[in-house]
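Trainee: The following block contains the structure, expressed as structure tokens.
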Amino acid sequence: MPGRLLRGLWQRWRRYKYRFVPWIALNLNHNPRTVRYVPEESKDKVISDEDVLGTLLKVFQALFINDFNKQSDILTMLPETVKSKYHDLLSVQHPRVKLLEYRHQQQNIFKPEEILYKTLGFSVARATSSLISAGKGVFVTRGLVPKGAVVAMYPGTVYQKYEPIFFQSIGNPFIFRCLDGVLIDGNDKGISKVVYRSCNGRDQLGPLKMSDSTWLTSEICNPLAVGQYVNNCSNEPLMSVTRNLMCLQFFL
């Protein structure tokens, strides 16, 4: 009985240690699996930064227009030069409608996943897998995803290489290590959740929020903020876009 227990613990440690930051730091030069190697034929940047930015702008602009009633109160506090940019955006979507008049005409409010479908032709969501003990994953709920499309973002707290993350790393399978050593903690529970909420409140400027915290809840405002639940059963590098995409969720 003790032998079986010890073997079970050893097997769990063998799988988990690659996510335990202190162990990674001590064994970085000794184990090739701790270094994310991307072969020449499998370039990590599969989509250009311009394409990523263009996709995100389309989605976020559509979300802004859809949720204009809530946004308009904040817009009144912005300088005229900044407010005019939002006025131009609204004019493109709804010609001949003034910025302050639109809030009275808006009637249909769509869910974020519906906006994603209308904008990109597909929608994704996190849900529990039908496979036994598979946990949660990300599924395409509507439409078809074309090859090379941006399908998700990896939300979370961004840690530079010199910042401590010891306690957050314990029992945490959601820490994503980028090629340049930057870590993103995408865990929406426990101490990771507390740290992110703390950073979110710290960086807020009056009513203006510098980051989105709804991905910590069941009511997500950004339908792309589900990347931490994308499963990858292979030892091959997870096909990601760029760290800019991964970090954008936190800094917006």
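Trainee: Residue by residue through the range 1-13, note down the ones that are open to solvent by 100 Å² or more (accessible area, probe 1.4 Å) and modelled with pLDDT of 75 or more.
Mentor: Of everything in the range 1-13, those that are open to solvent by 100 Å² or more (accessible area, probe 1.4 Å) and modelled with pLDDT of 75 or more turn out to be 4, 5, 6, 7, 10, 11, 12.
Trainee: Pull out all pairs, ordered by first then second residue, where Cβ-Cβ is under 6 Å, the residues are six or more apart or on different chains, the first lies in the range 110-134 and is open to solvent by less than 30 Å² (accessible area, probe 1.4 Å), and the second is in a helix (DSSP H, G or I).
Mentor: Close Cβ pairs satisfying both conditions: 115/62; 115/63; 115/66; 123/113; 123/116; 123/117.
Trainee: Sticking with this one: Return a yes/no flag: does the range 149-172 have any residue that is modelled with pLDDT of 85 or more, under 25 Å from residue 69 (Cβ atoms) and open to solvent by 20 Å² or more (accessible area, probe 1.4 Å).
Mentor: No, the range 149-172 contains no residue that is modelled with pLDDT of 85 or more, under 25 Å from residue 69 (Cβ atoms) and open to solvent by 20 Å² or more (accessible area, probe 1.4 Å).
Trainee: If you go through the range 135-148, how many residues are surrounded by fewer than 16 Cβ atoms within 10 Å (Cβ to Cβ), part of a strand (DSSP E or B) and β-branched (Val, Ile, Thr)?
Mentor: Counting residues in the range 135-148 that are surrounded by fewer than 16 Cβ atoms within 10 Å (Cβ to Cβ), part of a strand (DSSP E or B) and β-branched (Val, Ile, Thr) gives 2.
Trainee: Does residue 177 satisfy being more than 18 Å from the chain's Cα centre (by Cα), at negative phi and not hydrophobic (A, V, I, L, M, F, W, C)?
Mentor: Details: more than 18 Å from the chain's Cα centre (by Cα): no; at negative phi: yes; not hydrophobic (A, V, I, L, M, F, W, C): yes.
Taking the combined requirement at face value, the residue does not satisfy it.
The values are calculated or read from the model by the stated rules, or taken from the named source; none is laboratory data. Quantities reported herein were computed from a predicted structural model and do not represent experimental measurements. A quick note on method: Cβ atoms are made from the backbone with ideal geometry, for glycine too, and the neighbour counts reach across all protein chains shown. In case anyone asks, the SASA skips ligands and DNA or RNA and just uses the protein heavy atoms, side chains included. Shrake-Rupley method; radii C 1.70, N 1.55, O 1.52, S 1.80 Å.
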